[in-house]
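To start, the structure under review is shown below, and the notes come after it.
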Amino acid sequence: MLLIKCPYCGERPELEFVYGGEAHIARPAPEADLTPGQWAAFLYARTNTRGVHAERWRHTRGCGRFLNALRDTTTDQFIATYKVGEARPPAELAQQEP
Amino acid sequence: MQLFSALTLLKEGFAGQRGWRAQWRSPEPKSSYDVVIVGGGGHGLGAAYYLASEHGLANVAVLEKGWIGGGNTGRNTTIIRSNYLFDESAALYDHALKLWEGLAQSLNYNVMFSPRGVMMLAHTVHDEQILKRHVHANRCNGVDNEWLTPEEAKAFCPALNIEHNIRYPVLGAALQRRGGTARHDAVAWGYARAADSLGVDIIENCEVTGINRDAEGAVESLQTSRGLIRARKIGVCAAGNTSVIMNRVGVRLPLESFPLQALVSEPLKPVLPCVVMSNGIHAYVSQSDKGELVIGAGTDAYTSYTQRGALHVSTHTLEAICELFPTFRRLQVLRNWGGIVDVTPDRSPIIAKTGVPGLYVNCGWGTGGFKATPGSAHVFAWTIARDEPHPINAAFTIERFRDGHLIDEAAAAAVAH
């Protein structure tokens, strides 16, 4: 089980969280005149990164808030967690971890 | 190819078993091929076999980054069934099931296909209504499936607990008698051996690191850990790693890769005569010929390429199985492992041409690709050879996500995902 550091509550077990998929996918503006292909890309296409992946989690059985995380999908090691709205931290943080 | 028969077995018995040869060659990659299949699992090897046997293409290579039988083909729980809800799925999976029935004969390789029946349990009124809908839909499509009362289910599978006072009471079950299991890695070995004998090069320990395109945008060659290989056509069959390869060609797919866990118990005497599945509690269990109980759990919550998952996911499944089969409570688990499965939003696969000329993809099988191996391979070979889909896989395009023609087995809950 993963140990996830909620930016509000600290480290908690994975069971308290719900996974929310890839992060930083902006919903197109309502007035945007999108083609079906662009809608499909927004709804369905994912980077599915093998490596450092930015993703959303929600601390459902804790503070209830959403958070973002950088996790290496080849090791499942978390590199950083950060609040929603903050910019994605650089992936080089991985090297600073002990 | 050294044909297997009772006679060769007898001869080798007298000769001290010293005459057996390697079942396929380990050739150096040639500089160019008509078709290169990326991914040496059952689907990829099968596609190469059908390209050679049905479409007359012998200048074919299968590139496998690991070894044959080491990926999801050797990691699944070997269940075979075709009781899917929608017409498109029923046609595809039943095509596979019909090929399973004659596969050992056509490959001259015992894939140990055992149509022992697949029983799907209903624990709630809602489950019962959904499964009955499946039974009727399947029968309209010519796929066998029947409804059993709890007593009939217990008669078919005596170890089942049908008491009313358990956490997941059994209200009935849908039974597909033609479904069952097969020996999973034998499928990969059988296809590898048969394809090799038709001239297909099977190249293990060869990872694809890039795909080059020519001035018109069509595929031209592959960069691999064993050098540059030119190819007129490329078929990608890389399961959980499909996105990694396709991202390198600039094709983004609606896929996410998740760990899916399975485990086996210590071996015991025959106790479970069929496959038992429960979509409601994410559990499926069967007994291998060695006597081990083969148990599949659900996927982990997050995308990952680690081939392992969290203990609480398999614990959840084991708790449910011990409720259904109280006799299993004292068994010990011997091994637990994970495979990386590529999941589409509608839980149906993609077997299609891509926007890149000469590039074809067979992916998105999610948690249930093993059962489809021969059918998937057969229609994928057709798609590559003729540059157009077989009628059976015509609906399984990438464009269905753009056009809204989903084959929504996720909503139909035909699979435990």
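None of the figures in this text is laboratory data; all of them are computed from the coordinates on show. All values derive from a computational prediction rather than experimental measurement. In this analysis, Cβ positions are derived from the backbone assuming ideal geometry, glycine residues included, and neighbour counts consider all displayed protein chains.
Please compute the alpha carbon radius of gyration of chain A, then divide it by the globular-protein estimate 2.2 N^0.38 Å. Two decimals is fine. With N residues counted in chain A, Rg over 2.2 N^0.38 Å equals 1.18. Its relative contact order, with pairs defined as Cα atoms under 8 Å and 6+ residues apart, puts the stretch B:135-292 at 14 percent. Each of B:Cys140 and A:Tyr8 was given a label point 7 Å from its Cα along the Cα-to-Cβ line. The distance between the two points is 4.7 nm. With the charge dipole of the stretch B:291-395 set up from +1 on Lys and Arg Cβ and -1 on Asp and Glu Cβ about the Cα centre, the Cα lying farthest toward the positive end among the listed residues B:Thr317, B:Val356, B:Ala372 is that of B:Thr317. I want to make sure I understand the PRE zone here: with the label point 7 angstrom from the Cα of B:Val271 toward its beta carbon, which residues in the stretch B:282-324 have backbone N atoms less than 13 Å away? Hits in the stretch B:282-324 for B:Val271 at 13 Å: B:286-288, B:291-295, B:321-324. Based on alpha carbons, the Rg and Dmax found for the stretch B:102-144 are 15.5, 46 Å. Farthest toward the positive end of the dipole of the protein assembly as shown, out of B:Gly338, B:Gly13, B:Ser114, is the Cα of B:Gly13, where the dipole comes from beta carbon charges about the Cα centre. A DSSP coil position with no more than 16 other Cβ atoms inside 10 Å describes the following trypsin sites (Lys or Arg not before Pro) in the stretch B:5-40: B:Arg18, B:Arg21, B:Arg25, B:Lys30. Calculate I(q)/I(0) for the stretch B:32-183 by the Debye formula, one identical point scatterer on each C-alpha and no solvent, and give its log10 at q = 0.15, 0.19, 0.20 Å⁻¹ to two decimals. Here the Debye-derived log intensity ratios amount to -0.89, -1.17, -1.23.
Give me Rg/Rg_expected for the protein assembly as shown, where Rg uses Cα atoms only and Rg_expected = 2.2 N^0.38 Å with N residues. Numbers along the way, then the final one.
Working: Rg = 23.4 Å, N = 515, 2.2 N^0.38 = 23.6 Å.
For the protein assembly as shown, the normalised Cα radius of gyration comes out at 0.99.
This ranking places B:Asp87, B:Asp144 by how few other beta-carbon atoms lie within 10 Å of each, fewest first, which gives B:Asp87, B:Asp144.
Only Cα pairs under 8 Å and at least 6 apart count here; give the relative contact order of chain B as a rounded whole percent. Show your work: numbers first, answer last.
Numbers: 976 pairs, mean separation 92.9, N = 417.
After rounding, I find 22 percent.
For chain B, what are the DSSP H helices with axial Cα length of 18 Å or more and mean Kyte-Doolittle hydropathy of at least 0.0?
Counting only whole DSSP H runs, the qualifying helices are B:311-324, B:373-386.
Kindly work out what percent of the DSSP beta bridges joining two residues of the protein assembly as shown are antiparallel, to the nearest 5.
Working: 65 of 84 bridges.
In the protein assembly as shown, approximately 75 percent of DSSP beta bridges are antiparallel ones.
Cβ distances below 4.7 Å define possible disulfide partners, and in the protein assembly as shown the cysteines left without one are A:Cys63, B:Cys140, B:Cys157, B:Cys206, B:Cys237, B:Cys274, B:Cys322, B:Cys363.
Converting the Cα gyration tensor eigenvalues of the stretch B:1-104 into ellipsoid dimensions via √(5λ) gives semi-axes, longest first, of 28, 22, 15 Å. Shown here for the stretch A:1-43: GluC sites (Glu not before Pro) in loop regions (DSSP other than H, G, I, E, B) with at most 13 other Cβ atoms within 10 Å, namely A:Glu31.
Over the Cα atoms of the stretch B:349-393, compute the convex hull volume and normalise it per residue, giving Å³.
Dividing the Cα hull volume of the stretch B:349-393 by its residue count gives 61 Å³.
Each part gets one Cα centre, and for the stretch B:1-62 versus the stretch B:72-111 those centres are 20 Å apart. Scanning chain B for chymotrypsin sites (Phe, Trp or Tyr not before Pro) in DSSP loops with at most 14 neighbouring Cβ atoms within 10 Å leaves B:68-417 as the longest stretch between them.
Grouping the Cα pair distances of chain B into 10 Å bins from zero gives a pair-distance distribution of 5, 23, 32, 25, 13, 3, 0 percent in increasing distance order. Each part reduced to its alpha carbon centroid, the stretch B:341-417 and the stretch B:299-334 end up 28 Å apart.
Peptide A:36-44 has a mean of 5 when you count, residue by residue, the C-beta atoms of other protein chains within 10 Å of its C-beta. For the stretch B:60-162, the relative contact order is 24 percent, taking Cα pairs closer than 8 Å that sit 6 or more residues apart in sequence and dividing their mean separation by the residue count.
Where the centre of each part is set by its Cα atoms, how far does the stretch A:10-75 sit from the stretch B:218-285, in angstrom? Distance between centres, Cα-based: 22 Å. Dipole check for the protein assembly as shown: with +1 at the C-beta of Lys and Arg, -1 at the C-beta of Asp and Glu, and the Cα centre as origin, the magnitude is about 740 Debye.
State the dimensionless ratio Rg/Rh of the stretch B:274-388 (Rg: radius of gyration of Cα atoms; Rh: Kirkwood radius). Radius of gyration relative to Kirkwood radius: 1.06. Paramagnetic label reach from A:Cys63 (point 7 Å along Cα→Cβ; backbone nitrogen cut-off under 20 Å): within the stretch A:1-34, residues A:2-21, A:23-24. P(r) tail for the stretch B:172-301, what percent of Cα pairs lie past 24 Å? Distances greater than 24 Å cover 54 percent of the Cα pairs. Once the Cα-Cα distance is subtracted from the 0.36 nm per residue extended length, the B:Arg386 to B:Trp337 segment shows a gain of 13.8 nm. Given a Förster distance of 60 angstrom, what is the FRET efficiency for A:Trp39 paired with B:Arg308, based on the Cβ-Cβ distance and rounded to 0.05? Once the sixth-power term is evaluated, E becomes 0.95.
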